[in-house]
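The values are calculated or read from the model by the stated rules, or taken from the named source; none is laboratory data. The structure presented is a predicted model; accordingly, all values stated were derived computationally and were not measured. Because the Cβ atoms are built from the backbone with ideal geometry, glycine has one as well, and the counts that use them run over all protein chains shown. Surface areas here come from the heavy atoms of the whole protein model, side chains and all, with no ligands, DNA or RNA. Shrake-Rupley method; radii C 1.70, N 1.55, O 1.52, S 1.80 Å.
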Amino acid sequence: MVEGSRPGVVVHLDEADPARQRLALANVANLLADLGPAAGLVELVVNGPGLDVALQGSPLAGDLAALQGQGVVVAACANTLAARGLERSALLPGVHVVPAGVSELVRRQREGWAYLRP
Amino acid sequence: MVEGSRPGVVVHLDEADPARQRLALANVANLLADLGPAAGLVELVVNGPGLDVALQGSPLAGDLAALQGQGVVVAACANTLAARGLERSALLPGVHVVPAGVSELVRRQREGWAYLRP
Amino acid sequence: MVEGSRPGVVVHLDEADPARQRLALANVANLLADLGPAAGLVELVVNGPGLDVALQGSPLAGDLAALQGQGVVVAACANTLAARGLERSALLPGVHVVPAGVSELVRRQREGWAYLRP
């Protein structure tokens, strides 16, 4: 993942409901719009049913790409990929893979990042 | 928002389900009952569908007022108000407005506050 | 609760949906598998409808016992027990009771633990 000494924000998305997935992405957009560079690095970790937003064919692919264009790192959980029999090639362009979404969320908090769970 | 050097607790409510909204308010009440002044400042941030609890006519208006009477700050997200075409006057008495609920949640954590997401 | 100077991870489960309860327990298992001892102490706090997983007869009793066998502390909220008219004897073996689940979550974060809310 992207490393840096600036504190950041890690956003956790693991919901199956498309309305909640849209809300999570809108939250990230609002965070960037409101805080600007003061947000620091922003990383969206998708695991469990939340992985859907980062898969090819996702109805939210455009929204995700727009966030990536603003510097947001999208990190998909390898455990979830494996549990669903999916390869990395099933992911949208630019999506990173982390061994376990939950570990990434812990690691970021230990680095001083804020945690949001929309 | 209320400023202070004491650490506090920020509670995030963004759910549409009335049962979850009731749970979130009950969580805040339990926190105050159990920790007392040791809780520090407690702020309930409502955004997305969670805003409903802070609107005039909310079925939970009485519970919210009781929490405010115990010193809980209720902060509504201006982005959510705007997205729903609502004015500040739609909010219950004493509800504060923050530019973005998510930014407030990040800011508080950076000040050392604990984060709860019921 | 178990005390220690190592940082840990506190996991918050308060959902009624069995699929979400399974996801939360799977998240804990994935965390242990990925981080090993680097996870530090891991505590699963169950309150509200999440208490169900820790009750005698829980369909997830086996999964919970497996996590306990790996050192995970399971902490049930006394407020939830009281609100549902349940005694401690209704809990599965080895489940701890804390006065308020939310206070435990705050206390752990103030000790430097990471917070996960699957």
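Figures for the structure shown
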read-out	value
Label-zone membership for the range A:79-94, site A:A61, 7 angstrom Cα→C-beta point, backbone N under 15 Å	A:89-94
Copies compared at C:P18 - label distances in nm, ascending, label defined 7 Å from Cα in the Cβ direction	2.7, 2.7
Per-peptide average of other Cβ atoms within 10 Å, ordering A:44-51, C:108-115, C:40-47 highest first	A:44-51, C:40-47, C:108-115
For the range B:98-118, residues shielded by at least 30 square angstrom of accessible area compared with the chain on its own, probe 1.4 Å	B:V102, B:S103, B:V106, B:Q109, B:R110, B:A114, B:Y115, B:L116, B:R117
Innermost chain A residue relative to the axis carrying A onto C, by Cβ distance in angstrom	A:R117, 3
Per residue, in Å², the accessible surface of the protein assembly as shown once ligands and nucleic acids are set aside, probe 1.4 Å	38
Other-copy label distances relative to C:R84, 7 angstrom Cα-Cβ extension, nm	3.0, 3.0
Drop in accessible area of at least 30 Å² in the complex versus isolated chain, residues of the range B:6-26, 1.4 Å probe	B:D14, B:R20, B:L23
Space enclosed by the convex hull of the alpha-carbon atoms of the range A:13-61, per residue, Å³	70
Three semi-axes of the equivalent ellipsoid, the protein assembly as shown, Cα gyration tensor, whole Å, largest first	28, 28, 19
Quarter of the Cα convex hull surface for the range B:79-118, i.e. its orientation-mean projected area (nm²)	3.6
Whole-percent carbon and sulfur share, accessible surface of the protein assembly as shown, 1.4 Å	56
Pseudo-label separations to other copies for B:G57 - Cα-to-Cβ vector, 7 Å, nm	4.1, 4.2
For the pair A and B, total buried accessible area rounded to nearest 100 Å², probe 1.4 Å	1300
Residues with amide H under 5 Å from that of A:L91, placed H, sequence gap 5 or more	A:Q56
Per residue, the convex hull volume that the Cα atoms of chain B enclose (Å³)	88
Tilt relative to chain A, helix A:101-110 - C-alpha long axis, 0 to 90 degrees, to 10	10
